[in-house]
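Peer 1: Got a structure here, written out as structure tokens. Questions coming.
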Amino acid sequence: MALLINDPDNHQLIERDLKYAFWQNHAIVDAAVGTIVEYGTTDRDKNKESYAELWHRWIYEDYYRTYMLPLEKYGIKIHHDDVALAWDRMVKKNYVHKTAQFFSVGWPVAFWRQEAQTDKDFEWFEFKYPGWYAEFGDYWRWYEKLSHKGETSILFNQDVGYAYPHRCWSCMVPCLIREDFCCDEVDGKMYTYCSEICRWTHKVAFSAEYEGRPTPAMGRFSGRREWEECYDGWDVADAIADLGFVRSDGKTLVPQPHLHFEDSKMWTLDDVRGHKLGSPLKAFRALTPEQREVAVTEYRKGFKINPCN
Ligand SMILES: [Zn+2]
């Protein structure tokens, strides 16, 4: 690192890399690890640090203050505002909670089991994240209600009020903070992003030229990055079978919306069949520019979960 920094000619690219790497790490790692830490446990001891508290220690105090900040004395520009933005996404915009919600909506096509949250969890979340219950309480009650075999899975259940999200072409996590959703054209094609920095990452940081300098070795963000596109138009049961997420009896799903093991409670392919998956990006690209503008405005308004009785 010291060798690289000593040549000012490298600074432009180091700054670019630090910026997009910080944001990608935040968008991807906080989504996955945050969900596991906060929702994959039954330990609701209030003295236990929340993921936001851990983040402050690990990312803010450690990664940012002891690694990124000292680089400034070598003349490297550090994007302090990006760190503040990521922190806001964690504590003000409920990034981790929205990711856990999304993961649970998609339970039939995941390779894990996610259990409903209970009153004990609600109390802990509200203690650690004031206002949590107002936004997520009803959702998790719905999740429990619809976790029983024979119900219409939450992914396709119209009563809940959940609106399936677009996916970010850059970090590949869905665009869950609706107000930050954006789109742009790259090489003549329309893409959707979870945030302005993810848009910049694809369009600017990973282009073949960066601020007038050829950067041919950058990745191309190409291929089938949007998962939904792989199964666009498929029945969800066929998609699950194609993924190989079926037990050796040929019908019981590997994923289940609960942690029970009794056969009578296990969802099978027949319990989810009859619903089609769709690619949000494909649908978005089919819109006219005027329709797209309306769709973006609507998307940014978000959705409201219906009360669960
Ligand atoms: Zn993103």
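Peer 1: Would you call Val33 within 23 Å of Arg225 (Cα to Cα), of a type in the set (Val, Ile, Thr) and without any contact (Cβ under 8 Å) to a residue 40 or more places away in the chain?
Peer 2: Here the answer is yes, as Val33 does meet what is asked.
Peer 1: Take the conditions under 19 Å from the mean Cα position of the chain (by Cα) and either among the basic types (Lys, Arg) or closer than 18 Å to Pro255 by Cβ (or both) and apply them to Ala163. Does it pass?
Peer 2: So Ala163 does not fit the description; no.
Peer 1: Sort through Trp169, Trp112 and tell me the only one that's touching a residue at least 40 places away in the same chain (Cβ under 8 Å), under 17 Å from the mean Cα position of the chain (by Cα), within 12 Å of the ligand (Cβ to nearest atom) and under 29 Å from Arg273 (Cα atoms).
Peer 2: Checking each option against the conditions leaves just Trp169.
Peer 1: Could you tell me whether region 156-166 includes any residue that is closer than 23 Å to Glu61 by Cβ and of a type in the set (Ser, Thr, Tyr)?
Peer 2: Looking for residues that are closer than 23 Å to Glu61 by Cβ and of a type in the set (Ser, Thr, Tyr), one finds none in region 156-166, hence no.
Peer 1: Related question: Taking region 172-185 as the search range and keeping residues that are crowded, with 18+ Cβ neighbours inside 10 Å and away from the ligand (no atom under 11 Å from the Cβ), which one is nearest to the chain's Cα centre (by Cα)?
Peer 2: Arg178
Peer 1: Next up: Against the condition away from the ligand (no atom under 16 Å from the Cβ), assigned to a helix (DSSP H, G or I) and either within 16 Å of the chain's Cα centre (by Cα) or among the aliphatic types (A, V, I, L, M) (or both), how does Ile36 come out, does it pass?
Peer 2: When the stated conditions are applied, Ile36 passes them.
Peer 1: Condition test on Gly278, is it at pLDDT 95 or above and on the phi > 0 side of the Ramachandran plot?
Peer 2: no
Peer 1: Take the conditions without any contact (Cβ under 8 Å) to a residue 40 or more places away in the chain and assigned to a helix (DSSP H, G or I) and apply them to Asp270. Does it pass?
Peer 2: yes
Peer 1: Has region 70-92 got any residue that is farther than 30 Å from Asp7 by Cα, touching a residue at least 60 places away in the same chain (Cβ under 8 Å) and of a type outside the set (A, V, I, L, M)?
Peer 2: yes
Peer 1: Considering only residues that are among the hydrophobic types (A, V, I, L, M, F, W, C), within 16 Å of the ligand (Cβ to nearest atom) and either outside any helix (DSSP H, G or I) or touching a Ser or Thr at 6+ places or on another chain (Cβ under 8 Å) (or both), which ones fall in region 1-31?
Peer 2: Within region 1-31, Trp23, Ala27, Ala31 qualify.
Peer 1: Output the residues belonging to region 124-148 that are outside any loop (DSSP other than H, G, I, E, B) and within 30 Å of Glu262 (Cα to Cα).
Peer 2: Answer for region 124-148, where residues must be outside any loop (DSSP other than H, G, I, E, B) and within 30 Å of Glu262 (Cα to Cα): Trp124, Phe125, Phe136, Gly137, Asp138, Tyr139, Trp140, Arg141, Trp142, Tyr143, Glu144, Lys145.
The values are calculated or read from the model by the stated rules, or taken from the named source; none is laboratory data. These figures come from a predicted structure and were not determined experimentally. Cβ: placed from backbone, ideal geometry, glycine included. Neighbour counts: every protein chain shown.
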